[in-house]
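Written below as structure tokens is the structure these notes are about.
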């Protein structure tokens with residue numbers, strides 16, 4: 001029986017990265033709503049947030065303000081939620097990938113210039 005329970009727990013938890021605990025208050029926005037919540041834990045690809053009352057399942061959110069610079073200007077979408085009691089909910093946010101400013105426009109003049117600068121710097125380093 002114990003083995004079966006352990007198998008069920010490992011099948012449910014399919015995370016690629018480990019979660020890190022924290023207790024950071026943030027202000028986030030979804031469309032026209034702005035709310036304050038607390039991050040319970042996080043990984044490189046997502047956050048678990050505790051909030052009062054409102055449901056955000058399926059919505060996109062953007063973190064507007066944070067006690068920690070680690071979470072400022074992050075955005076993502078709410079992929080799961082659960083009700084803890086009548087006053088509190090937790091939800092999971094899958095973070096959006098952050099764009100690389102040098103790969104936004106593929107093969108643009110800026111990209112070619114950046115590659116040329118990297119090549120010259122590399123050649124100078126080994127000259």
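Across the range 65-101, the number of residues qualifying as surrounded by 14 or more Cβ atoms within 10 Å (Cβ to Cβ), under 15 Å from residue 23 (Cα atoms) and modelled with pLDDT under 90 comes to 4. Scan the range 1-30 for residues that are loosely packed, with under 14 Cβ neighbours inside 10 Å and either in a loop (DSSP other than H, G, I, E, B) or at pLDDT below 85 (or both) and the total you get is 18. For the range 38-64, filtering for residues that are without any contact (Cβ under 8 Å) to a residue 40 or more places away in the chain, buried (at least 20 other Cβ atoms within 10 Å of the Cβ) and either under 15 Å from the mean Cα position of the chain (by Cα) or outside the structural domain of residue 84 (by TED's automatic domain parsing) (or both) leaves 4. When you go through (1) over 16 Å from residue 96 (Cβ atoms); (2) surrounded by 12 or more Cβ atoms within 10 Å (Cβ to Cβ); (3) modelled with pLDDT under 90 one by one for residue 33, which number turns out not to apply? All conditions pass for residue 33, except number (2).
The values are calculated or read from the model by the stated rules, or taken from the named source; none is laboratory data. Computed from a prediction, not measured in an experiment: that's the story for all the values here. When we count neighbours, we look across all protein chains shown, and the Cβ atoms used for this are built from the backbone with ideal geometry, even at glycine.
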